[in-house]
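Here the structure is laid out as C-alpha cells; the discussion comes afterwards.
Just so it is clear, none of the values below were taken in a lab; they were calculated from the coordinates. Just so it is clear, the structure is predicted and the values come from calculations on it, not from any experiment. Here the Cβ positions follow ideal geometry from the backbone for every residue, glycine too, while neighbour counts run over all protein chains shown.
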Amino acid sequence: MISKTPLRIRVRRMDYDMSGLRRYWYNDNAWITHFLNALSTTFPDGERFFIHSVRNFEQQIRDPELQAQIRAFIGQEANHGKEHEAFNQALIDQHGLPLESKLKFMKNALAWAKKRWSPREQLAMTAGFEHFTAILANLLLERKDAIADIAGVYSDMFLWHAVEETEHKAVAFDLYQAVDGDYWLRVKSMALATFFFMLVTLRMQYSLLKHDNQLGNWRDALGFAKFMLVKPGFLTRIIPQYLDYYRPGFHPWQHDNRHLIDPHIAALAAHELHAVKAA
C-alpha cells in the first residue's frame, strides 16, 4: 500500500489573465459563484500560513526526498497565493465586491492562530487543511462537469490548482508524521480545520450574497443545494475520503489518483512556457 508521494511535484509559474471576469462565473449561479469566491478569499493568506507552518520544521528533516518535496510544496503554494490574489483583486476591481474586509479578517485570524497555537499544532492544522483541499481537488479532476460549468480562463486556473494540490497532498502530512505523528492531535486538528473551513466560507458567502441582494434568489439557492449534495456533490462525494483521515493508519496516497492529473501535465507545461515568454 502506498505510504509516500509516488510522483514528482512540479513548481509551475502560470500568470492567468484575469480580465473579463463574469460576475456569476459558475454556471451563472450567484450562490455557487459566491461560495467559490469565498473559498478564493481564504487562499492567499491560508497558503502563507501553510508555508509558515512547514518552514517551522523544514530544518529538522534529513531525508533528501522529503526535503525536495517540501521545497516544491512551498513553491507551489506561493504561486497559488499569487494567482488567487490576482483573482480576488479582479473581483474587487471589475465587480466592486467588498472583499477587502474579508481579506483583512483572514490575515488577522491567521496572525492570531500563529500566536495561539504551537508550531506542532499549526503543522497538524495544515495537514488537515491540505487533506481538505486535496479531496476537493480530486472532485474537480474526477467530475468534468464541475470544471465545465466554470466560465472562461478560470476553469484553467482552478484545474491547475487542483492538479498541484493533488501532487503535494501528502507533503504536510509526511512532515507532520516525521517530526511528531501524534494521532490524537492530528484528528483533533482536522475536526477544528473542518469547523473553521465551513464557518468562514459560509459566513463570507452569506455576506457576498447579501451585498448582491441575492439571498432571496431561490432558483440559485436550489442550484447551490444540488451542487453541494447531488451534482457534482461538492459536499456529499467527499465524505468517504474525508472520514478516512480519521483512521489511525491513514496516508493521503492510499487514495492513488495520479491518473487524474496525467492528462493535464502537457497542457500546464505549455501554458507555463507561454507565461514565462510573455513575462
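General observations
So that you can scan it fast, the table gives a plain yes or no per residue for (1) aliphatic (A, V, I, L, M); (2) free of Cβ contacts under 8 Å to residues at least 12 places away in the same chain; (3) part of a loop (DSSP other than H, G, I, E, B); (4) within 26 Å of Leu202 (Cβ to Cβ):
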site	(1), (2), (3), (4)
Ala78	yes, no, no, no
Gly81	no, no, no, yes
Ala86	yes, no, no, yes
Ile92	yes, yes, no, yes
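- Pairs are defined by a Cβ separation below 8 Å, a sequence spacing of at least 6 or placement on different chains, a first member in the stretch 221-239 that is free of Cβ contacts under 8 Å to residues at least 24 places away in the same chain and more than 22 Å from Lys210 (Cβ to Cβ), and a second member that is among the polar types (S, T, N, Q) and part of a helix (DSSP H, G or I); the pairs so defined are Leu229/Thr236; Val230/Thr236.
- Taking the stretch 1-52 as the range and being among the aromatic types (Phe, Trp, Tyr) and either under 25 Å from Glu121 (Cα atoms) or more than 18 Å from the chain's Cα centre (by Cα) (or both) as the test, the residues that pass are Tyr24, Trp25, Trp31, Phe43, Phe49, Phe50.
Every residue, every condition in (1) buried (at least 19 other Cβ atoms within 10 Å of the Cβ); (2) closer than 16 Å to Phe196 by Cβ, yes or no:
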residue	(1), (2)
Glu58	no, no
Pro64	no, no
Asn88	yes, no
Leu91	yes, no
Lys114	no, yes
Met125	yes, yes
Glu130	yes, yes
Leu141	yes, no
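- So Leu140, is it farther than 27 Å from Arg55 by Cβ, in a helix (DSSP H, G or I), touching a Phe, Trp or Tyr at 6+ places or on another chain (Cβ under 8 Å) and touching a residue at least 12 places away in the same chain (Cβ under 8 Å): yes
- The stretch 180-198: number of residues that are more than 24 Å from Leu39 (Cβ to Cβ), assigned to a helix (DSSP H, G or I) and in contact with a helix residue (DSSP H, G or I) (Cβ under 8 Å, 6 or more places away or on another chain): 1
- Residue in the stretch 46-71 that is nearest to Trp112 (Cα to Cα), counting only those that are in a helix (DSSP H, G or I) and charged (D, E, K, R): Arg48
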